[in-house]
1. Tell me the residue from 167, 161, 220, 124 that is among the polar types (S, T, N, Q), farther than 21 Å from residue 74 by Cα and under 17 Å from the mean Cα position of the chain (by Cα), please.
2. Cβ contacts < 6 Å: first residue over 21 Å from residue 178 (Cα atoms), restricted to segment 91-116; second residue open to solvent by 20 Å² or more (accessible area, probe 1.4 Å) and of a type in the set (Gly, Ala, Ser), any location; separation 6+ or different chain. Result?
3. On the basis of being surrounded by fewer than 19 Cβ atoms within 10 Å (Cβ to Cβ) and basic (Lys, Arg), does residue 110 make the cut?
4. Within segment 27-105, considering only helices (runs of 4 or more DSSP H) that don't extend past its boundaries, which have at least 3 residues that are under 21 Å from residue 235 (Cα atoms)?
5. From the list 202, 152, pick out the single residue that is of a type in the set (A, V, I, L, M, F, W, C) and open to solvent by 60 Å² or more (accessible area, probe 1.4 Å).
6. So if I check each of 217, 137, 192, which one is aliphatic (A, V, I, L, M), open to solvent by 60 Å² or more (accessible area, probe 1.4 Å) and assigned to a strand (DSSP E or B)?
Amino acid sequence: MNARHTATERLKLGLRRALLRADLDLGRDAFVQRVARTLADRDIDTVLDIGANEGQYAALVRAAGFSGRIVSVEPLPDAFDRLQRRARPDRQWVGDRRAVGAEPGRTTIRVSANSFSSSVLPLTAAHLHVAPESRVVESIEVDVTTVLDLAAAHTLVPERTLLKVDTQGFESAVLDGAGEWLDHVAAVQLEVSHVELYAGQALEPELTARLAGHGLVPWTNDPGISAADGRLLQSDVLFVRA
């Protein structure tokens, strides 16, 4: 090993140690880049971004090279306003201010202090233990639509669409409202929980088995929240048609 290579490796190791002390990490081939490559490989030109919050996911997938159409759906008014400001310069990115569930109507969302943990479902003690900033600060009434109604309203073609669902434990209800779309959609990305973080939510094994029944298999994933003892609590999984 030459001196230049040794110095480079020492620098990388020092940087990695510093990041780990700050509870951060640095790696190659980020999850969103793998998602973007999958979209390109499978000719997926539309993302239906359900549970968009302030548009963080859409902004990341854009930065990773996805240039197709994005429909971001978010019910919280403050988060939606920030989403709209972020999307405004992008002609291929539109917002829709509604919640998504099994059927159209109205529902109550428990708004968390950190906004992105807000959910229709109550938080569990396990969630609050690992993320106290998720505590509920208010409840608001919002309109609810379904994946099928969104697809019709925005003329989405399932065979060319990624259905991304990040609804804080409400994923099963969103899938209920997708109906026959699940037999045709090109890919689904879910935020899945490995322990109950929201009361009554479907956990990863149930959601994986459900999507398998529609011909969708796990393709790539990204570890998310872990407990202090190292147990994985939540992750993002991309499923594609087998």
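The values are calculated or read from the model by the stated rules, or taken from the named source; none is laboratory data. A quick note: this is a predicted structure, and the numbers were derived from the prediction, not measured. Every residue, glycine among them, receives a Cβ derived from its backbone with ideal geometry; neighbour counts consider all protein chains shown. We work out accessible area using only protein heavy atoms, side chains counted, and drop any ligands, DNA or RNA first. Shrake-Rupley method; radii C 1.70, N 1.55, O 1.52, S 1.80 Å.
1. 220
2. Pairs that qualify, where the first residue is over 21 Å from residue 178 (Cα atoms) and the partner is open to solvent by 20 Å² or more (accessible area, probe 1.4 Å) and of a type in the set (Gly, Ala, Ser), are 110/139.
3. No.
4. Once the helices (runs of 4 or more DSSP H) in segment 27-105 are filtered for at least 3 residues that are under 21 Å from residue 235 (Cα atoms), what remains is 31-41, 56-63.
5. Step by step, each of 202, 152 is checked, and only 152 is of a type in the set (A, V, I, L, M, F, W, C) and open to solvent by 60 Å² or more (accessible area, probe 1.4 Å).
6. 137
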